[in-house]
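Notes follow once the structure below has been shown.
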Amino acid sequence: MVQAARSGKQNIVEGSRAARTSTEMEIKLTNVARASLDELLNDYGDFLRNERAAWDKNSREARYVRRLGGKPEMTFEDIREFAETRPGSVMANIALCLIHQANFLLDRQLLRLEQDFLKEGGLRERMMRARLESRRKGQILKDTGAYRIYGITISGA
């Protein structure tokens, strides 16, 4: 369980870092993160089935946790005392709710990444378009007798 949690978090971080250079790698790492969180979700589900303590997804407790998970500035410190004084089954149910929220957000992110990739292409394709556009603009400048140095147009006349 610990490994799945760490893998999920780390692949989200690495996927975000990869976004600068490779949309494909960002999508792959985000998918790995999603799979790791699914593994963790199943582990918590197994634990709760054994304890016969799983909350219904629409229970008062689950709805409360979903609202907590939606607060933008919430950290573990905000619930530390609560977490340290509750039984494992309560914390496992809370973890399930939060993992479901994380998975929902990752699914939305993956959908957007895939749509953007289909529309814009990857980094190499965007760089190629920029090079071709730069060459096209350079040709226009040649025809006028002007040239560009470091983004400054200098007249040839």
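The values are calculated or read from the model by the stated rules, or taken from the named source; none is laboratory data. Keep in mind the model is a prediction, meaning the values are calculated, not measured. Reconstructed Cβ throughout: ideal geometry from the backbone, glycine too, with neighbour counts over all protein chains shown.
In a residue-by-residue description of segment 69-76, the property of being surrounded by fewer than 13 Cβ atoms within 10 Å (Cβ to Cβ), in the same structural domain as residue 97 (by TED's automatic domain parsing), at pLDDT 90 or above and outside any loop (DSSP other than H, G, I, E, B) applies to no position. One residue stands out among those in segment 43-62 that are touching a helix residue (DSSP H, G or I) at 6+ places or on another chain (Cβ under 9 Å) and in a helix (DSSP H, G or I): the one that is farthest from residue 2 (Cα to Cα), which is 61. Residue 41 - would you say it is within 17 Å of the chain's Cα centre (by Cα) and of a type in the set (A, V, I, L, M)? When the stated conditions are applied, residue 41 does not pass them. Working only within segment 1-38, note down all residues that are crowded, with 18+ Cβ neighbours inside 10 Å and under 10 Å from the mean Cα position of the chain (by Cα). Answer for segment 1-38, where residues must be crowded, with 18+ Cβ neighbours inside 10 Å and under 10 Å from the mean Cα position of the chain (by Cα): 11, 12, 15, 26, 27, 29, 30, 33, 34.
The residues in segment 10-42 that are free of Cβ contacts under 8 Å to residues at least 40 places away in the same chain and part of a helix (DSSP H, G or I) can be counted, and the count is 16.
Among the residues of segment 33-56, those identified as touching an Asp or Glu at 6+ places or on another chain (Cβ under 9 Å) and more than 18 Å from residue 93 (Cβ to Cβ) are 33, 34.
For every residue, the table says whether it meets (1) at pLDDT below 80; (2) surrounded by 10 or more Cβ atoms within 10 Å (Cβ to Cβ); (3) part of a helix (DSSP H, G or I); (4) under 39 Å from the mean Cα position of the chain (by Cα).
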site: 115; (1), (2), (3), (4): no, yes, yes, yes
site: 127; (1), (2), (3), (4): yes, yes, yes, yes
site: 133; (1), (2), (3), (4): no, yes, yes, yes
site: 141; (1), (2), (3), (4): yes, yes, yes, no
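For the criterion of being of a type outside the set (Asp, Glu), modelled with pLDDT of 95 or more and over 29 Å from residue 113 (Cα atoms), residue 82 fails.
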